[in-house]
Amino acid sequence: MRTNRNGVWRNWAGNVIARPARSIAPSSTAELAEVVRQAAEEGLRVKAVGTGHSFTAAAATDGLLIRPERLAGIREIDREAGTVTVAAGTPLWQLNHTLAAHGLSLTNMGDIMEQTVAGATATGTHGTGRTSASIAAQIRGLELVTADGSVLRCSAEENPEIFSAARIGLGALGVVSAITFAVEPEFLLTAYEEPMPFDRVMADFDQLVAENEHFEFYWFPHTGSCNTKRNNRTNGPAAPLGRVSGWVDDELLSNGIFQVACSVGRAVPATIPGIAKISSRALSARTYTDIPYKVFTSPRRVRFVEMEYAVPREAAVTVLRELKATVERSGLRVSFPVEVRTAPADDIPLSTASGRDTAYIAVHLYRGTPHRAYFTATEQIMTAHGGRPHWGKLHSRDAAYLAEAYPRFGEFTAIRDRLDPERLFGNDYLRRVLGD
């Protein structure tokens, strides 16, 4: 177990800074349980961090910060049960690579794989899917260290109420030390990426979602252009992106040149509409077939801040039209595309898709760009349509709003009161979004 004192922790975007009294990297569940007990005796609050890909202060603390790097690795692959059990600090890329080596895969995943499994699930990380839901919805069991240092094993059969809530637990119920995911035999996905006018995407949105296993698109503000992506299972054969063409699209255009364009736009905002028009034309249609994580995920090296809201799927087109109209009449200069994805309803109390089919609408701005006006305008639209903010992305909602937005909010807070009545795992963010 490694201990550091008086260090500074920053998230990936650099917009959250924490100065914990000390940080510890335990290497086992037993070590983790012991440091939680010691912190409680010392009166230190406890928060576990992942790789810092949340834009909120969900993991910030001035008490004990638990780092993930030594609580990592695959614990068990059970082919008969169709599950894999991994330590909480395991990065998603390591999980994906290991599963692929065993001919296995998750059913669905988000668009990056740098997060830890516990961090990604705790905040509700998701991809896009017609019938396949978030990463947390694929959890079949978890191990939870609670405020008194007890280790609870939770599943649909064992501690089922805690399991239900802790799949997306915000770090409020304890520290997750291991997760068991459902997996399936590895399969191939064919991705078809195609530019498409905004008005056509809006007119055909329901059809595009219904006809594809995984549909998403990016709208480029200040233009009438979108880039769509449709991923569907196929029998093959595999036809991966070429090394050179993949590098040109995913590294040179989507990261290198885009980084330069964002830097120019931040320095001279008047250039942004023109840059957006060029950017929207830079990506052409392409198709490729590969194993899941190579289709679902892509490198993201340009740093940004983000707000994302989940709205009822039937409201998506109305919300997007309102957002486009707001950008056009406001004088806002938006350098990043708007990302739109979908998910089916699930049964997790604090899932943004809890109980309803969902569309996700995410807005971004380049790091260092003033974002308040754009994000505030976006949030006003989202909340007018019953939007639920992503727990790990910027928003201004509080417990009063969220209790109305989530029918099972009280179920979650009741379990929190039972497991952590003294708020050992609390911080300012949780106080705002869950109440106290």
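The values are calculated or read from the model by the stated rules, or taken from the named source; none is laboratory data. Nothing here was measured: the structure is a model prediction, and the numbers come from that model. So basically every Cβ, Gly included, is an ideal-geometry build from the backbone, and we count neighbours across all protein chains shown. Just the protein is used for accessible areas: all its heavy atoms, side chains included, with ligands, DNA and RNA removed. Shrake-Rupley method; radii C 1.70, N 1.55, O 1.52, S 1.80 Å.
Which of the three applies to segment 188-389, rounded, prolate or oblate, going by the alpha-carbon gyration tensor with a ≥ b ≥ c and a/c under 1.5 meaning rounded? It is oblate, given that a/c is not under 1.5 and a/b is not larger than b/c. Between the helical axis of 409-419 and the longest alpha-carbon principal axis of the chain there is an angle of about 30 degrees. With the helix formula -39500 (n - 2.57) applied to DSSP H stretches of n ≥ 4, the chain reaches a computed 222 nm mean residue ellipticity of -9000 deg cm²/dmol. Mean separation of Cα pairs under 8 Å and 6 or more residues apart, divided by the residue count, gives segment 261-383 a relative contact order of 32 percent.
Dipole size of the chain about its Cα centre, with +1 on Lys/Arg Cβ and -1 on Asp/Glu Cβ: approximately 1460 debye, rounded to the nearest 20. Entry note, the chain: relative contact order of 17 percent, from Cα contacts under 8 Å with a spacing of 6+ residues. Using the Cβ-Cβ distance between R243 and F187 with R0 set to 30 Å, the FRET efficiency from 1/(1 + (r/R0)^6) comes to roughly 0.85.
With the other protein chains left in place, how much accessible area per residue, in square angstrom, belongs to the chain at a 1.4 angstrom probe? On a per-residue basis, 40 Å². Peptides 117-127, 176-186 ranked from most to least packed by the mean count of surrounding Cβ atoms within 10 Å: 117-127, 176-186. Among L394, A100, M382, whose Cα lies farthest out toward the positive end of the dipole of the chain, if unit charges sit on the beta carbon of Lys, Arg (+1) and Asp, Glu (-1)? The listed residue farthest towards the positive side: L394.
Subtracting the Cα-Cα distance of E80 and S28 from 0.36 nm times their residue separation leaves 16.1 nm of extension gain. The share of accessible area on the chain that comes from carbon and sulfur is 51 percent, using a 1.4 angstrom probe.
Projecting the Cα atoms of P160, G174, H126 onto the charge dipole of segment 77-185, computed from C-beta unit charges around the Cα centre, puts H126 farthest toward the positive end. Need the list of lysines near K393 for cross-linking: C-alpha distance under 24 angstrom, and skip anything on the same chain fewer than eight residues off. The qualifying lysines are K47, K229, K324. Extension gain, T131 to S155: 0.36 nm times the residue separation minus the Cα-Cα distance gives 6.4 nm.
Would you mind estimating how fast the chain diffuses translationally, via Stokes-Einstein at 4 °C and 1.567 mPa s with the Kirkwood radius over Cα pairs, in µm²/s? Value of D from the Cα-based Kirkwood radius: 58 µm²/s. Take every Cα pair under 8 Å whose residues are at least 6 apart in sequence, average their separation, divide by the length of segment 77-185, and the relative contact order is 35 percent. Qualifying trypsin sites (Lys or Arg not before Pro) in segment 38-106, where qualification requires a DSSP coil assignment and no more than 12 other C-beta atoms within 10 Å, comprise R79.
Taking all C-alpha pairs of segment 19-155, those more than 18 Å from each other amount to 57 percent.
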